[in-house]
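The structure appears below as structure tokens.
The values are calculated or read from the model by the stated rules, or taken from the named source; none is laboratory data. Values in this document were obtained by computation on a predicted structure and should not be read as measured data. When we count neighbours, we look across all protein chains shown, and the Cβ atoms used for this are built from the backbone with ideal geometry, even at glycine.
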Amino acid sequence: MELLVASAIGLLTAAGIYLVLRLRTFPVILGISLLTYAVNVFLFASGRLTIGAPPILTDATNYTDPLPQALVLTAIVISFGMTAVVVMIALGAYLGADDDHVDDRSETEDAS
């Protein structure tokens with residue numbers, strides 16, 4: 001189980017870094033989203049991967065730490081809000097310049 005979760009985190013991180021390094025805004029936004037998903041899965045897995053255990057601290061011998069679950073829930077809300085803001089900024093930049101390249105080279109620099 002741990003190998004599967006670690007592989008998923010590595011795959012999400014690799015795909016996110018690959019997309020962040022692209023020169024268009026939409027793949028960059030998708031890459032940032034994949035990186036936040038990787039961090040969320042990492043935080044969730046840090047609370048021990050136990051199946052069927054209660055998320056409370058009682059007299060039970062087997063329990064799940066509730067703190068990573070709360071951190072992931074907060075991170076999901078924050079990443080959703082930040083993704084909406086970045087999409088609006090990218091849409092405004094695209095409508096203002098009719099181009100969605102990340103690098104800001106002018107046409108005079110391209111000609112020389």
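Tell me whether region 14-30 contains one or more residues that are touching a Lys or Arg at 6+ places or on another chain (Cβ under 8 Å), of a type in the set (Val, Ile, Thr) and modelled with pLDDT of 80 or more.
yes
Read through the list (1) at pLDDT below 85; (2) among the polar types (S, T, N, Q); (3) not in a loop (DSSP other than H, G, I, E, B), then give the number of the only condition that THR36 fails.
Of (1) at pLDDT below 85; (2) among the polar types (S, T, N, Q); (3) not in a loop (DSSP other than H, G, I, E, B), only one is false for THR36: (1).
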